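Report on the structure given below.
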Amino acid sequence: MKNLLRPMLVLFVALTVITGLIYPAVVTAIGQAAFSHQANGSLIERDGRVVGSEVIGQQFDAPRYFWGRLSATTPNPYNAGSSSGSNLGPTNPALAAEIKARIAALHDADPGNGADVPVDLVTSSGSGLDPEISPAAAEYQVARVAKARGMSIPQVEAMVARATSGRQFGVFGEPRVNVLKLNLALDRE
């Protein structure tokens, strides 16, 4: 028994030091050296003040801003400490009611808009924190934002075009618009 106890304890301590101290320290050092912005939360600063993160959605309600995807996090929307989807299936009446309410809110905010509402404006993402919307969702909101800001529709469309990112490496994902970055660009105009 003594012959087994000492090697087990030495192995336990060695693996604890390697995997609990050395490995995390090396990965943290590499992350800070090579990817400092991402390792520190991809924070966006304005006038020396942090206004958000590139990777976590925020709630925008004012007509002068583009609105992002719904958040399913609880107890508060866009709660980064509680990332989750709604877990409501497509046949769930609660999901249908939420979608109808969101469509009504979008129509109330822009009564003259007769276009079909893009699905990402009425459903939440899997994480509940998606910072991006589709170009179609941004296009749907252009007239409302232009009117609220006193800008022309072509001006706002040009800003959406500049804020649109293509597929990752030209292959992965879909084109997308980061809502926070677009809204900050609009505020600079």
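Pairs linking a residue in the range 25-51 that is more than 16 Å from residue 131 (Cα to Cα) and outside the structural domain of residue 80 (by TED's automatic domain parsing) to a residue that is among the β-branched types (Val, Ile, Thr) and in a loop (DSSP other than H, G, I, E, B), with Cβ atoms under 9 Å and 6 or more positions apart or on different chains, do not occur.
So that you can scan it fast, the table gives a plain yes or no per residue for (1) surrounded by fewer than 18 Cβ atoms within 10 Å (Cβ to Cβ); (2) small (Gly, Ala, Ser):
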{"position": "116", "(1), (2)": "yes, no"}
{"position": "120", "(1), (2)": "no, no"}
{"position": "129", "(1), (2)": "no, no"}
{"position": "141", "(1), (2)": "no, no"}
{"position": "148", "(1), (2)": "yes, yes"}
{"position": "153", "(1), (2)": "yes, no"}
{"position": "162", "(1), (2)": "yes, no"}
{"position": "171", "(1), (2)": "yes, no"}
{"position": "178", "(1), (2)": "no, no"}
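Taken as a whole, the condition of being in contact with a helix residue (DSSP H, G or I) (Cβ under 8 Å, 6 or more places away or on another chain) and assigned by TED's automatic domain parsing to the domain that holds residue 63 does not apply to residue 183.
Restricting the first member to the range 147-158 and to residues that are without any contact (Cβ under 8 Å) to a residue 24 or more places away in the chain and among the hydrophobic types (A, V, I, L, M, F, W, C), and the second to residues that are in a helix (DSSP H, G or I) and surrounded by 11 or more Cβ atoms within 10 Å (Cβ to Cβ), the beta-carbon pairs closer than 8 Å and six or more apart or on different chains are 153/142; 153/143; 153/146. I'm trying to understand the selection: among the residues of the range 159-189, which are in contact with a Lys or Arg (Cβ under 6 Å, 6 or more places away or on another chain) and without any contact (Cβ under 8 Å) to a residue 12 or more places away in the chain? The answer is 173, and nothing else.
The values are calculated or read from the model by the stated rules, or taken from the named source; none is laboratory data. Because the structure is predicted, anything quoted here is derived from the model rather than measured. Counting neighbours? That spans all protein chains shown, and the Cβs are built from the backbone with ideal geometry, glycine included.
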